[in-house]
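S.K.: The structure follows.
The values are calculated or read from the model by the stated rules, or taken from the named source; none is laboratory data. None of these values were measured; they are calculated from a predicted model. Every residue, glycine as well, gets a Cβ built from its backbone with ideal geometry; the counts of neighbours run over all protein chains shown. Just the protein is used for accessible areas: all its heavy atoms, side chains included, with ligands, DNA and RNA removed. Shrake-Rupley method; radii C 1.70, N 1.55, O 1.52, S 1.80 Å.
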Amino acid sequence: MTIHSPTTALLATLIGAYLIATGLGGLVNQDRWRRALEEFAASPALLLIAGAVGFIAGAAIIGVHNRWSDPLAVAVSLVGWSAMAKGLGLIVLQDRGLHLTRPLATATRIWAIVVLVLGLAFLIAGLTAKPIIY
């Protein structure tokens, strides 16, 4: 895949590695995911911290990569904007928005596989991307 920026390839690779680790963690520790979601919903402090981390991670991605020039750049930028939005949602809505994620608790294996596949796609795309040299 031809891309316009080496930053796109780097961020796609890092996002892919993170998603692969998350997906593998979900497959290996399905019960822990369920318990973590329950504990997460019950802790206002965890919600605020996770919101801040999500917002900062998304803002960092957008700060260095708000590009819409090729499909991989769009995917990376969407990850950044999504992380920022999720972080803000956790900060502002606290547990009121968590009802949207409750189905994850009953389908952890499916979601872990989805996350793993997305991670593989990002990782492969990032590692095989060929930046255009101007």
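S.K.: Of the residues LEU27, LEU78, which is modelled with pLDDT of 90 or more, open to solvent by 80 Å² or more (accessible area, probe 1.4 Å) and within 19 Å of VAL115 (Cβ to Cβ)?
M.R.: Step by step, each of LEU27, LEU78 is checked, and only LEU78 is modelled with pLDDT of 90 or more, open to solvent by 80 Å² or more (accessible area, probe 1.4 Å) and within 19 Å of VAL115 (Cβ to Cβ).
S.K.: If you don't mind, another one. Do we find that ALA36 is touching a helix residue (DSSP H, G or I) at 6+ places or on another chain (Cβ under 8 Å) and either open to solvent by 80 Å² or more (accessible area, probe 1.4 Å) or not acidic (Asp, Glu) (or both) in this structure?
M.R.: So ALA36 fails the test.
S.K.: Also, quick follow-up: Report the residue count in the stretch 1-24 for those that are open to solvent by less than 60 Å² (accessible area, probe 1.4 Å), under 19 Å from the mean Cα position of the chain (by Cα) and aliphatic (A, V, I, L, M).
M.R.: 7
S.K.: Oh, and also: Please work out if ILE91 is surrounded by 13 or more Cβ atoms within 10 Å (Cβ to Cβ) and over 13 Å from the mean Cα position of the chain (by Cα).
M.R.: So ILE91 fits the description; yes.
S.K.: Here are the criteria: (1) closer than 27 Å to ALA129 by Cβ; (2) in contact (Cβ under 8 Å) with a residue 12 or more places away in the chain. Tell me which single one ARG109 does not satisfy.
M.R.: (1)
S.K.: Give the number of residues within the stretch 40-66 that are in contact with a helix residue (DSSP H, G or I) (Cβ under 7 Å, 6 or more places away or on another chain), at pLDDT below 95 and over 16 Å from LYS86 (Cα atoms).
M.R.: 0
S.K.: Which residues, taken from the stretch 8-45, are of a type in the set (S, T, N, Q) and touching a residue at least 60 places away in the same chain (Cβ under 8 Å)?
M.R.: THR8, THR13, THR22, GLN30
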